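Trainee: Mind looking over this structure? Questions follow.
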Amino acid sequence: MNPNMLTIALPKGRLGKDAIKRLTQVGIAKDIKESSRKLIFEDPKNNVQIMFVKALDVITYVEKGVADIGVVGRDNLLEERPDVYILKDLGFGVCKFSVAGYEGQSLTPSGRPLRVATKYPGVARAYFAKKKQPIETTYLSGSVELGPLVGISDVIVDIVETGGTLKANGLSVLEDMHDVSAKLIANRAKYRIKNAAIKTLIAYLEKEETL
Amino acid sequence: MKPVIELSDQLNYLKRKQRLLNRYSEIVSHEGYVLYEPDDFETYERFMRINERVEPASMVKVTDNHGDVLILRPDVTTQVIDRLIPKWDGGEPLKLYYDTTVYKHTDGGIAGNRHFGVETIASNRESSDDIIISLATRLLNEGTDDYVFVLGNQRFLNALFSDLNLSQEKLGRLKEIITYKNDYELRRFVENESIGEPSRSRLLKLFELEGDLKDVEQASQALNLTSAMQTALNELRRVKDTMNGANTIYDLSLLSEYDYYEGVVFRAYGPESPRAILKGGRYAPLKESDASISAIGFSIDIETLLLGGKSNES
(Lines give C-alpha, C1' and ligand atoms only; values in the text may rest on other atoms or scores of the structure.)
Protein backbone atom coordinates (compact mmCIF):
# COMPACT_ATOMS: atom_id res chain seq x y z
CA MET A 1 0.00 0.00 0.00
CA ASN A 2 1.22 3.47 -0.83
CA PRO A 3 0.64 5.77 2.19
CA ASN A 4 0.83 8.86 0.01
CA MET A 5 -2.16 7.85 -2.07
CA LEU A 6 -5.79 8.21 -1.01
CA THR A 7 -6.84 4.65 -0.16
CA ILE A 8 -10.50 3.77 -0.76
CA ALA A 9 -12.03 0.52 0.53
CA LEU A 10 -14.92 -0.73 -1.58
CA PRO A 11 -17.22 -3.66 -0.87
CA LYS A 12 -17.25 -6.58 -3.28
CA GLY A 13 -20.58 -7.18 -4.97
CA ARG A 14 -23.32 -4.88 -6.20
CA LEU A 15 -22.57 -1.98 -3.87
CA GLY A 16 -18.93 -2.08 -5.04
CA LYS A 17 -20.02 -2.10 -8.69
CA ASP A 18 -22.23 0.94 -8.09
CA ALA A 19 -19.37 2.67 -6.26
CA ILE A 20 -16.97 2.02 -9.16
CA LYS A 21 -19.57 3.39 -11.55
CA ARG A 22 -19.80 6.61 -9.52
CA LEU A 23 -16.02 6.92 -9.31
CA THR A 24 -15.49 6.34 -13.03
CA GLN A 25 -18.13 8.99 -13.77
CA VAL A 26 -15.85 11.51 -12.09
CA GLY A 27 -12.74 10.21 -13.83
CA ILE A 28 -11.36 8.02 -11.04
CA ALA A 29 -10.47 4.33 -11.25
CA LYS A 30 -11.38 4.05 -14.94
CA ASP A 31 -9.35 0.90 -15.54
CA ILE A 32 -10.55 -1.03 -12.52
CA LYS A 33 -12.42 -4.28 -12.88
CA GLU A 34 -14.33 -5.25 -9.76
CA SER A 35 -14.70 -8.78 -11.16
CA SER A 36 -10.91 -9.28 -11.28
CA ARG A 37 -9.25 -11.43 -8.62
CA LYS A 38 -6.88 -8.59 -7.89
CA LEU A 39 -7.64 -6.96 -4.54
CA ILE A 40 -5.71 -3.69 -4.80
CA PHE A 41 -5.76 -1.35 -7.79
CA GLU A 42 -3.82 1.84 -8.32
CA ASP A 43 -4.89 4.93 -10.21
CA PRO A 44 -1.62 6.91 -10.18
CA LYS A 45 -3.07 9.71 -12.29
CA ASN A 46 -5.52 10.58 -9.52
CA ASN A 47 -3.19 9.44 -6.72
CA VAL A 48 -5.82 6.95 -5.57
CA GLN A 49 -5.64 3.26 -4.66
CA ILE A 50 -8.66 1.06 -4.27
CA MET A 51 -8.98 -2.12 -2.24
CA PHE A 52 -11.85 -4.58 -2.65
CA VAL A 53 -12.93 -6.25 0.57
CA LYS A 54 -16.00 -7.88 2.09
CA ALA A 55 -18.74 -5.36 2.92
CA LEU A 56 -18.35 -5.65 6.69
CA ASP A 57 -14.57 -5.42 6.43
CA VAL A 58 -14.83 -1.98 4.81
CA ILE A 59 -15.70 -0.65 8.26
CA THR A 60 -12.77 -2.45 9.89
CA TYR A 61 -10.23 -1.23 7.31
CA VAL A 62 -11.45 2.36 7.58
CA GLU A 63 -11.73 2.36 11.37
CA LYS A 64 -8.19 0.95 11.67
CA GLY A 65 -6.89 3.50 9.19
CA VAL A 66 -5.69 0.98 6.59
CA ALA A 67 -8.09 2.65 4.18
CA ASP A 68 -8.62 6.40 4.43
CA ILE A 69 -12.21 6.29 3.22
CA GLY A 70 -14.69 3.61 2.18
CA VAL A 71 -18.14 2.89 0.82
CA VAL A 72 -20.51 0.95 3.05
CA GLY A 73 -24.25 0.40 3.47
CA ARG A 74 -26.02 2.18 6.31
CA ASP A 75 -27.24 -1.24 7.48
CA ASN A 76 -23.69 -2.18 8.48
CA LEU A 77 -23.08 1.24 10.06
CA LEU A 78 -26.19 0.93 12.22
CA GLU A 79 -25.15 -2.55 13.31
CA GLU A 80 -21.46 -1.86 13.96
CA ARG A 81 -21.65 1.80 15.08
CA PRO A 82 -18.00 2.37 14.15
CA ASP A 83 -15.96 5.38 15.26
CA VAL A 84 -15.69 6.98 11.81
CA TYR A 85 -17.02 10.03 9.98
CA ILE A 86 -20.07 9.49 7.75
CA LEU A 87 -19.39 12.15 5.19
CA LYS A 88 -21.80 11.60 2.37
CA ASP A 89 -24.88 9.76 1.22
CA LEU A 90 -24.08 8.27 -2.17
CA GLY A 91 -27.66 7.77 -3.32
CA PHE A 92 -27.35 4.13 -4.38
CA GLY A 93 -27.93 0.84 -2.59
CA VAL A 94 -31.28 2.24 -1.49
CA CYS A 95 -33.49 -0.10 0.56
CA LYS A 96 -35.15 -0.25 3.96
CA PHE A 97 -34.56 -1.97 7.27
CA SER A 98 -37.86 -3.66 8.02
CA VAL A 99 -39.58 -6.01 10.43
CA ALA A 100 -41.21 -8.77 8.39
CA GLY A 101 -43.29 -11.82 9.16
CA TYR A 102 -46.62 -13.45 8.46
CA GLU A 103 -49.40 -10.97 7.76
CA GLY A 104 -51.17 -10.09 11.02
CA GLN A 105 -48.30 -11.29 13.25
CA SER A 106 -48.38 -9.31 16.51
CA LEU A 107 -45.17 -7.45 17.41
CA THR A 108 -46.21 -7.40 21.09
CA PRO A 109 -46.92 -11.02 22.08
CA SER A 110 -48.30 -11.28 25.59
CA GLY A 111 -46.31 -12.94 28.33
CA ARG A 112 -43.12 -13.53 26.37
CA PRO A 113 -40.48 -11.68 24.35
CA LEU A 114 -40.89 -11.26 20.60
CA ARG A 115 -38.63 -13.77 18.86
CA VAL A 116 -36.55 -12.10 16.11
CA ALA A 117 -34.27 -13.79 13.58
CA THR A 118 -31.75 -11.44 12.02
CA LYS A 119 -28.32 -10.78 10.63
CA TYR A 120 -28.43 -7.49 12.55
CA PRO A 121 -28.99 -8.25 16.27
CA GLY A 122 -27.69 -4.83 17.38
CA VAL A 123 -30.13 -2.97 15.13
CA ALA A 124 -33.03 -5.19 16.24
CA ARG A 125 -32.22 -4.74 19.94
CA ALA A 126 -31.86 -0.95 19.66
CA TYR A 127 -35.10 -0.60 17.68
CA PHE A 128 -37.28 -2.68 20.00
CA ALA A 129 -35.63 -1.26 23.15
CA LYS A 130 -36.89 2.17 22.06
CA LYS A 131 -40.37 0.68 21.75
CA LYS A 132 -39.96 -0.97 25.18
CA GLN A 133 -40.67 -4.35 23.59
CA PRO A 134 -38.57 -7.23 24.99
CA ILE A 135 -37.11 -9.45 22.28
CA GLU A 136 -35.11 -12.65 21.96
CA THR A 137 -32.78 -12.56 18.95
CA THR A 138 -31.48 -15.48 16.92
CA TYR A 139 -28.50 -14.67 14.72
CA LEU A 140 -28.73 -16.02 11.16
CA SER A 141 -26.02 -15.18 8.64
CA GLY A 142 -28.23 -15.62 5.57
CA SER A 143 -31.68 -16.69 4.28
CA VAL A 144 -33.18 -14.97 7.30
CA GLU A 145 -36.68 -15.46 5.83
CA LEU A 146 -36.46 -19.05 7.00
CA GLY A 147 -36.82 -17.92 10.64
CA PRO A 148 -40.63 -17.68 10.77
CA LEU A 149 -41.05 -20.52 8.20
CA VAL A 150 -39.28 -23.08 10.40
CA GLY A 151 -40.63 -21.58 13.63
CA ILE A 152 -37.45 -20.33 15.27
CA SER A 153 -38.72 -16.77 15.24
CA ASP A 154 -41.96 -14.76 15.09
CA VAL A 155 -40.49 -12.14 12.78
CA ILE A 156 -37.29 -11.18 11.01
CA VAL A 157 -35.36 -7.93 10.91
CA ASP A 158 -33.62 -7.50 7.59
CA ILE A 159 -32.97 -5.13 4.71
CA VAL A 160 -35.73 -5.19 2.12
CA GLU A 161 -35.33 -3.85 -1.40
CA THR A 162 -38.29 -5.01 -3.48
CA GLY A 163 -39.92 -7.42 -1.03
CA GLY A 164 -39.75 -10.16 -3.69
CA THR A 165 -38.01 -12.74 -1.47
CA LEU A 166 -40.44 -12.05 1.37
CA LYS A 167 -43.44 -12.48 -0.94
CA ALA A 168 -42.04 -15.70 -2.42
CA ASN A 169 -41.91 -17.10 1.10
CA GLY A 170 -45.37 -15.94 2.18
CA LEU A 171 -44.03 -13.09 4.34
CA SER A 172 -44.60 -9.37 4.21
CA VAL A 173 -43.27 -6.17 5.74
CA LEU A 174 -44.93 -5.48 9.10
CA GLU A 175 -43.06 -2.30 9.95
CA ASP A 176 -40.39 -0.15 8.29
CA MET A 177 -37.51 0.73 10.63
CA HIS A 178 -34.80 2.75 8.88
CA ASP A 179 -33.85 3.98 5.40
CA VAL A 180 -30.69 2.35 4.09
CA SER A 181 -28.32 3.55 1.35
CA ALA A 182 -24.59 3.61 0.58
CA LYS A 183 -22.47 6.05 2.59
CA LEU A 184 -18.98 7.43 2.15
CA ILE A 185 -17.14 7.01 5.45
CA ALA A 186 -13.73 8.25 6.56
CA ASN A 187 -11.24 7.35 9.26
CA ARG A 188 -11.23 10.24 11.76
CA ALA A 189 -7.45 10.71 11.69
CA LYS A 190 -7.08 10.29 7.92
CA TYR A 191 -9.87 12.81 7.38
CA ARG A 192 -7.56 15.38 8.96
CA ILE A 193 -4.31 14.18 7.41
CA LYS A 194 -5.67 13.76 3.85
CA ASN A 195 -8.36 16.42 4.10
CA ALA A 196 -7.65 18.10 0.77
CA ALA A 197 -7.81 14.83 -1.21
CA ILE A 198 -11.01 13.69 0.54
CA LYS A 199 -12.73 17.03 0.03
CA THR A 200 -11.69 17.14 -3.61
CA LEU A 201 -13.22 13.70 -4.17
CA ILE A 202 -16.46 14.74 -2.45
CA ALA A 203 -16.58 17.93 -4.52
CA TYR A 204 -16.19 15.85 -7.73
CA LEU A 205 -19.00 13.53 -6.65
CA GLU A 206 -21.29 16.42 -5.76
CA LYS A 207 -20.54 18.24 -8.99
CA GLU A 208 -21.43 15.11 -10.93
CA GLU A 209 -24.70 14.77 -8.98
CA THR A 210 -25.85 18.20 -10.09
CA LEU A 211 -25.18 17.54 -13.79
CA MET B 1 10.04 -21.05 15.34
CA LYS B 2 10.91 -17.38 14.92
CA PRO B 3 8.80 -15.14 17.17
CA VAL B 4 6.43 -12.69 15.45
CA ILE B 5 7.99 -9.83 17.38
CA GLU B 6 11.67 -10.17 18.22
CA LEU B 7 12.52 -9.57 21.89
CA SER B 8 15.07 -6.93 20.88
CA ASP B 9 12.36 -5.00 18.99
CA GLN B 10 10.08 -5.27 21.98
CA LEU B 11 12.77 -3.98 24.32
CA ASN B 12 13.60 -1.11 21.98
CA TYR B 13 9.94 -0.14 21.90
CA LEU B 14 9.73 -0.22 25.70
CA LYS B 15 12.90 1.87 26.00
CA ARG B 16 11.55 4.41 23.53
CA LYS B 17 8.27 4.60 25.45
CA GLN B 18 10.05 4.99 28.77
CA ARG B 19 12.35 7.71 27.39
CA LEU B 20 9.34 9.67 26.15
CA LEU B 21 7.39 9.30 29.40
CA ASN B 22 10.45 10.33 31.44
CA ARG B 23 10.91 13.37 29.26
CA TYR B 24 7.23 14.29 29.61
CA SER B 25 7.39 13.93 33.41
CA GLU B 26 10.53 16.07 33.47
CA ILE B 27 8.92 18.86 31.42
CA VAL B 28 5.65 19.05 33.33
CA SER B 29 7.30 18.70 36.76
CA HIS B 30 9.55 21.61 35.82
CA GLU B 31 6.38 23.60 35.00
CA GLY B 32 5.03 22.92 38.48
CA TYR B 33 2.63 20.07 37.80
CA VAL B 34 2.18 17.48 40.54
CA LEU B 35 1.73 13.77 39.82
CA TYR B 36 -1.88 12.67 40.35
CA GLU B 37 -2.60 8.99 40.84
CA PRO B 38 -6.20 8.30 39.85
CA ASP B 39 -8.26 5.48 41.34
CA ASP B 40 -8.49 2.31 39.28
CA PHE B 41 -12.27 2.02 39.65
CA GLU B 42 -15.21 4.36 39.40
CA THR B 43 -18.87 3.90 40.24
CA TYR B 44 -20.69 3.11 36.99
CA GLU B 45 -23.81 5.08 37.90
CA ARG B 46 -21.87 8.20 38.93
CA PHE B 47 -19.71 8.12 35.80
CA MET B 48 -22.78 7.80 33.56
CA ARG B 49 -24.47 10.71 35.30
CA ILE B 50 -21.52 12.92 34.34
CA ASN B 51 -21.03 11.42 30.89
CA GLU B 52 -24.48 10.60 29.50
CA ARG B 53 -23.39 10.10 25.88
CA VAL B 54 -20.54 7.67 26.50
CA GLU B 55 -21.39 4.25 25.05
CA PRO B 56 -22.13 2.03 28.11
CA ALA B 57 -20.97 -1.08 26.22
CA SER B 58 -17.47 0.41 25.90
CA MET B 59 -16.93 0.40 29.67
CA VAL B 60 -15.21 -2.45 31.49
CA LYS B 61 -17.57 -3.35 34.35
CA VAL B 62 -16.91 -5.30 37.51
CA THR B 63 -18.93 -5.77 40.70
CA ASP B 64 -17.59 -5.26 44.21
CA ASN B 65 -18.46 -7.53 47.12
CA HIS B 66 -21.57 -5.42 47.88
CA GLY B 67 -22.91 -6.04 44.37
CA ASP B 68 -22.27 -2.44 43.22
CA VAL B 69 -21.25 -2.05 39.59
CA LEU B 70 -17.86 -0.41 39.12
CA ILE B 71 -15.92 0.39 35.95
CA LEU B 72 -12.22 0.34 35.25
CA ARG B 73 -11.40 4.04 34.70
CA PRO B 74 -12.22 5.01 31.08
CA ASP B 75 -10.71 8.47 31.53
CA VAL B 76 -9.05 10.57 34.22
CA THR B 77 -10.77 13.93 33.77
CA THR B 78 -14.05 12.67 35.23
CA GLN B 79 -12.22 11.87 38.49
CA VAL B 80 -10.68 15.34 38.53
CA ILE B 81 -14.14 16.89 38.07
CA ASP B 82 -15.77 14.63 40.60
CA ARG B 83 -13.16 14.38 43.34
CA LEU B 84 -10.67 17.23 43.13
CA ILE B 85 -12.44 20.34 41.83
CA PRO B 86 -14.99 20.36 44.72
CA LYS B 87 -12.06 20.55 47.17
CA TRP B 88 -10.18 23.35 45.40
CA ASP B 89 -10.16 26.61 47.39
CA GLY B 90 -9.99 28.97 44.40
CA GLY B 91 -6.49 30.19 45.24
CA GLU B 92 -3.37 29.15 43.34
CA PRO B 93 -4.11 27.13 40.17
CA LEU B 94 -4.20 23.40 40.79
CA LYS B 95 -1.76 21.81 38.33
CA LEU B 96 -1.74 18.04 37.99
CA TYR B 97 -0.31 15.46 35.65
CA TYR B 98 -0.88 11.74 35.33
CA ASP B 99 0.74 8.80 33.62
CA THR B 100 -1.73 5.96 33.73
CA THR B 101 -3.74 3.38 31.80
CA VAL B 102 -7.38 3.85 30.76
CA TYR B 103 -9.59 0.94 29.74
CA LYS B 104 -12.36 0.19 27.32
CA HIS B 105 -14.00 -2.72 25.52
CA THR B 106 -13.09 -3.10 21.87
CA ASP B 107 -13.86 -5.75 19.23
CA GLY B 108 -10.64 -7.47 20.20
CA GLY B 109 -11.41 -7.56 23.95
CA ILE B 110 -10.43 -5.21 26.76
CA ALA B 111 -7.93 -2.57 25.67
CA GLY B 112 -5.71 -0.71 28.10
CA ASN B 113 -4.11 2.45 26.69
CA ARG B 114 -1.31 4.35 28.40
CA HIS B 115 -2.26 8.00 28.74
CA PHE B 116 -0.07 10.88 29.81
CA GLY B 117 -2.06 14.00 30.62
CA VAL B 118 -2.20 17.28 32.45
CA GLU B 119 -5.04 19.18 34.11
CA THR B 120 -5.11 22.80 35.31
CA ILE B 121 -7.87 24.13 37.53
CA ALA B 122 -7.88 27.92 37.68
CA SER B 123 -10.16 30.90 37.44
CA ASN B 124 -8.42 32.79 34.61
CA ARG B 125 -9.60 30.88 31.55
CA GLU B 126 -7.81 32.83 28.81
CA SER B 127 -4.27 32.57 30.12
CA SER B 128 -4.59 28.90 31.03
CA ASP B 129 -5.98 28.10 27.52
CA ASP B 130 -2.76 29.52 26.08
CA ILE B 131 -0.50 27.79 28.56
CA ILE B 132 -2.09 24.38 28.20
CA ILE B 133 -2.26 24.41 24.40
CA SER B 134 1.32 25.58 24.23
CA LEU B 135 2.30 22.74 26.59
CA ALA B 136 0.33 20.25 24.47
CA THR B 137 2.22 21.20 21.29
CA ARG B 138 5.52 21.18 23.18
CA LEU B 139 4.93 17.61 24.38
CA LEU B 140 3.77 16.53 20.93
CA ASN B 141 6.93 17.96 19.41
CA GLU B 142 8.97 15.78 21.78
CA GLY B 143 7.27 12.65 20.42
CA THR B 144 6.56 13.29 16.77
CA ASP B 145 7.63 15.41 13.81
CA ASP B 146 4.36 15.25 11.97
CA TYR B 147 0.86 15.95 13.22
CA VAL B 148 -2.24 18.01 12.55
CA PHE B 149 -3.67 19.97 15.46
CA VAL B 150 -7.46 20.50 15.32
CA LEU B 151 -9.06 23.27 17.36
CA GLY B 152 -12.73 23.86 18.04
CA ASN B 153 -14.82 25.52 20.69
CA GLN B 154 -17.59 23.75 22.56
CA ARG B 155 -18.94 27.19 23.55
CA PHE B 156 -19.86 27.78 19.92
CA LEU B 157 -21.86 24.56 19.74
CA ASN B 158 -23.44 25.13 23.16
CA ALA B 159 -24.62 28.57 21.99
CA LEU B 160 -26.01 27.01 18.82
CA PHE B 161 -27.79 24.26 20.79
CA SER B 162 -29.29 26.65 23.34
CA ASP B 163 -31.18 28.48 20.58
CA LEU B 164 -32.84 25.27 19.39
CA ASN B 165 -34.91 24.42 22.49
CA LEU B 166 -34.72 20.70 21.82
CA SER B 167 -35.65 17.93 24.25
CA GLN B 168 -32.73 16.07 25.86
CA GLU B 169 -33.38 13.08 23.58
CA LYS B 170 -33.39 15.15 20.39
CA LEU B 171 -30.35 17.12 21.48
CA GLY B 172 -28.57 13.82 22.09
CA ARG B 173 -29.49 12.70 18.56
CA LEU B 174 -28.23 16.01 17.09
CA LYS B 175 -24.94 15.67 18.97
CA GLU B 176 -24.53 12.14 17.65
CA ILE B 177 -25.09 13.38 14.08
CA ILE B 178 -22.49 16.13 14.55
CA THR B 179 -19.99 13.69 16.09
CA TYR B 180 -20.22 11.62 12.90
CA LYS B 181 -20.07 14.70 10.63
CA ASN B 182 -23.14 13.17 9.04
CA ASP B 183 -24.28 15.92 6.69
CA TYR B 184 -27.12 13.84 5.22
CA GLU B 185 -28.68 13.10 8.62
CA LEU B 186 -28.13 16.69 9.73
CA ARG B 187 -30.20 17.93 6.79
CA ARG B 188 -32.94 15.42 7.59
CA PHE B 189 -32.87 16.46 11.25
CA VAL B 190 -33.23 20.14 10.37
CA GLU B 191 -36.17 19.33 8.06
CA ASN B 192 -37.92 16.98 10.50
CA GLU B 193 -37.61 19.37 13.43
CA SER B 194 -38.71 22.34 11.30
CA ILE B 195 -35.81 24.42 12.61
CA GLY B 196 -36.21 28.04 11.55
CA GLU B 197 -33.71 30.75 10.66
CA PRO B 198 -31.07 31.72 11.65
CA SER B 199 -30.44 28.40 13.45
CA ARG B 200 -31.31 26.48 10.29
CA SER B 201 -28.53 28.11 8.20
CA ARG B 202 -26.06 27.77 11.06
CA LEU B 203 -26.72 24.05 11.31
CA LEU B 204 -26.74 23.43 7.56
CA LYS B 205 -23.40 25.23 7.19
CA LEU B 206 -21.85 23.78 10.34
CA PHE B 207 -19.59 21.25 8.59
CA GLU B 208 -18.26 24.00 6.32
CA LEU B 209 -16.88 25.84 9.35
CA GLU B 210 -13.53 24.09 9.21
CA GLY B 211 -10.12 24.83 7.72
CA ASP B 212 -7.81 27.76 8.22
CA LEU B 213 -9.11 30.28 10.80
CA LYS B 214 -9.61 32.83 8.01
CA ASP B 215 -11.77 30.33 6.08
CA VAL B 216 -13.84 29.64 9.21
CA GLU B 217 -14.29 33.34 9.90
CA GLN B 218 -15.29 34.00 6.31
CA ALA B 219 -17.78 31.12 6.21
CA SER B 220 -19.30 32.19 9.52
CA GLN B 221 -19.85 35.80 8.44
CA ALA B 222 -23.11 35.03 6.66
CA LEU B 223 -24.51 33.13 9.64
CA ASN B 224 -25.55 36.05 11.84
CA LEU B 225 -23.64 34.72 14.85
CA THR B 226 -24.83 35.52 18.37
CA SER B 227 -22.49 37.27 20.80
CA ALA B 228 -21.81 33.92 22.55
CA MET B 229 -20.75 32.43 19.21
CA GLN B 230 -18.56 35.45 18.47
CA THR B 231 -16.94 35.07 21.90
CA ALA B 232 -16.16 31.45 21.02
CA LEU B 233 -14.52 32.56 17.76
CA ASN B 234 -12.56 35.24 19.63
CA GLU B 235 -11.21 32.58 22.00
CA LEU B 236 -9.90 30.65 18.99
CA ARG B 237 -8.30 33.82 17.57
CA ARG B 238 -6.50 34.32 20.87
CA VAL B 239 -5.28 30.74 20.97
CA LYS B 240 -4.00 30.95 17.37
CA ASP B 241 -1.01 33.01 18.51
CA THR B 242 0.19 30.22 20.80
CA MET B 243 0.26 27.50 18.16
CA ASN B 244 4.05 27.78 17.63
CA GLY B 245 3.75 27.13 13.90
CA ALA B 246 1.94 23.79 14.37
CA ASN B 247 -0.10 22.62 11.39
CA THR B 248 -3.52 23.70 12.69
CA ILE B 249 -7.06 23.21 11.41
CA TYR B 250 -10.01 24.99 13.00
CA ASP B 251 -13.26 23.05 13.17
CA LEU B 252 -16.33 24.53 14.84
CA SER B 253 -18.20 21.21 14.64
CA LEU B 254 -15.58 19.42 16.75
CA LEU B 255 -17.59 17.71 19.49
CA SER B 256 -16.43 15.33 22.19
CA GLU B 257 -18.40 12.33 23.46
CA TYR B 258 -17.82 13.80 26.93
CA ASP B 259 -20.39 16.45 27.80
CA TYR B 260 -18.27 18.23 30.41
CA TYR B 261 -16.41 20.32 27.80
CA GLU B 262 -17.47 23.99 27.66
CA GLY B 263 -14.70 25.96 25.93
CA VAL B 264 -11.77 25.40 23.60
CA VAL B 265 -11.47 21.73 22.55
CA PHE B 266 -8.61 20.18 20.60
CA ARG B 267 -7.27 17.00 19.04
CA ALA B 268 -4.04 16.01 17.32
CA TYR B 269 -3.65 13.37 14.62
CA GLY B 270 -0.54 11.79 13.13
CA PRO B 271 -0.20 10.34 9.61
CA GLU B 272 0.44 6.82 10.87
CA SER B 273 -2.17 6.76 13.63
CA PRO B 274 -5.73 5.54 13.10
CA ARG B 275 -7.09 7.70 15.92
CA ALA B 276 -6.27 10.88 17.82
CA ILE B 277 -2.88 11.01 19.50
CA LEU B 278 -4.00 13.83 21.79
CA LYS B 279 -7.41 14.96 23.05
CA GLY B 280 -8.26 17.79 25.37
CA GLY B 281 -10.17 20.93 26.14
CA ARG B 282 -11.68 23.24 28.68
CA TYR B 283 -14.31 21.70 30.90
CA ALA B 284 -16.79 22.83 33.49
CA PRO B 285 -17.07 21.57 37.00
CA LEU B 286 -20.18 19.69 38.09
CA LYS B 287 -23.41 21.66 38.27
CA GLU B 288 -23.43 21.77 42.07
CA SER B 289 -19.88 23.23 42.14
CA ASP B 290 -18.86 26.87 41.87
CA ALA B 291 -19.59 28.06 38.32
CA SER B 292 -16.61 30.46 38.35
CA ILE B 293 -14.19 27.50 38.43
CA SER B 294 -13.02 26.33 35.05
CA ALA B 295 -10.49 23.70 34.17
CA ILE B 296 -8.52 22.64 31.11
CA GLY B 297 -6.44 19.61 30.30
CA PHE B 298 -5.38 17.08 27.71
CA SER B 299 -4.17 13.52 27.45
CA ILE B 300 -1.75 11.94 25.02
CA ASP B 301 -2.38 8.36 23.90
CA ILE B 302 1.21 7.14 24.19
CA GLU B 303 0.89 3.91 22.19
CA THR B 304 -0.91 5.72 19.36
CA LEU B 305 1.73 8.45 19.35
CA LEU B 306 4.49 5.84 19.13
CA LEU B 307 2.97 4.39 15.94
CA GLY B 308 4.59 7.39 14.28
CA GLY B 309 7.41 9.06 16.09
CA LYS B 310 10.37 11.27 15.42
CA SER B 311 12.32 10.78 12.22
CA ASN B 312 15.68 11.17 13.97
CA GLU B 313 14.94 8.50 16.55
CA SER B 314 16.74 5.19 16.38
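The values are calculated or read from the model by the stated rules, or taken from the named source; none is laboratory data. Because the structure is predicted, anything quoted here is derived from the model rather than measured. Just so you know, the surface numbers come from the protein's heavy atoms only, side chains and all, with ligands and any DNA or RNA stripped out. Shrake-Rupley method; radii C 1.70, N 1.55, O 1.52, S 1.80 Å.
Trainee: Once a ≥ b ≥ c are taken as the square roots of the eigenvalues of the Cα gyration tensor of segment B:1-100, is the result rounded (a/c under 1.5), prolate (a/b larger than b/c) or oblate (a/b not larger than b/c)?
Mentor: Details: a/c = 3.02, a/b = 1.22, b/c = 2.46.
Cα axes put segment B:1-100 in the oblate bin.
Trainee: Taking the Cα atoms only, what angle lies between the long axis of helix B:7-30 and the longest principal axis of chain B, rounded to 10 degrees?
Mentor: Its long axis makes an angle of about 60 degrees.
Trainee: In Å, the Kirkwood hydrodynamic radius of the protein assembly as shown over pairs of distinct alpha carbons? Mind showing how you got there, number by number?
Mentor: Numbers: mean 1/r = 0.0396 Å⁻¹.
One over the average 1/r among Cα pairs gives 25.3 Å for the protein assembly as shown.
Trainee: Buried by at least 10 Å² relative to the chain on its own: which residues of segment B:135-165 qualify, computing accessible area with a 1.4 Å probe on protein heavy atoms?
Mentor: B:Val148, B:Val150
Trainee: Considering only chain A, what is the antiparallel percent among its DSSP beta bridges, to the nearest 5? It would help to have the intermediate numbers written out before the result.
Mentor: Details: 27 of 43 bridges.
Just about 65 percent of them are antiparallel.
Trainee: A further question follows. For the Cα atoms of chain B, what angle does the longest principal axis make with the long axis of helix B:227-240, in degrees from 0 to 90, nearest 10?
Mentor: It is inclined by approximately 40 degrees.
Trainee: Could you work out the relative contact order of chain B, using alpha carbon pairs under 8 angstrom and six or more residues apart, expressed as a whole percent? Show your work: numbers first, answer last.
Mentor: On the way: 496 pairs, mean separation 71.5, N = 314.
Over chain B, the number comes to 23 percent.
Trainee: Relative to the compact-globule scaling 2.2 N^0.38 Å, provide the ratio for the alpha-carbon radius of gyration of segment A:95-179. Working shown, then result.
Mentor: Details: Rg = 11.5 Å, N = 85, 2.2 N^0.38 = 11.9 Å.
Normalised by 2.2 N^0.38 Å, the Cα Rg of segment A:95-179 equals 0.96.
Trainee: Then there is this: With contacts defined as alpha carbon pairs under 8 Å and 6 or more residues apart, what's the relative contact order of segment A:62-207 in percent? Provide the component values of the computation, followed by the final result.
Mentor: Details: 274 pairs, mean separation 60.9, N = 146.
This gives 42 percent for segment A:62-207.
Trainee: Please compute the contact order of segment A:95-179 in relative form: average sequence separation of alpha-carbon pairs under 8 Å and at least six residues apart, divided by the residue count, as a percent. Walk me through the intermediate numbers first.
Mentor: Details: 167 pairs, mean separation 41.5, N = 85.
So the answer I get is 49 percent.
Trainee: Quick one: among B:Asp89, B:Asp40, B:Asp183, which has the greatest mean-square fluctuation in a GNM of chain B with alpha-carbon springs under 10 angstrom?
Mentor: Checking each option, the largest mean-square fluctuation is seen for B:Asp89.
Trainee: With a 1.4 Å probe and every protein chain left in place, work out the accessible area per residue of the protein assembly as shown in Å², rounded to a whole number.
Mentor: Working: 25240 Å² over 525 residues.
Per-residue value: 48 Å².
Trainee: Compute the angle between helix B:125-143 and the longest alpha-carbon principal axis of chain B, please, reported from 0 to 90 degrees and rounded to the nearest 10.
Mentor: Approximately 40 degrees, to the nearest 10.
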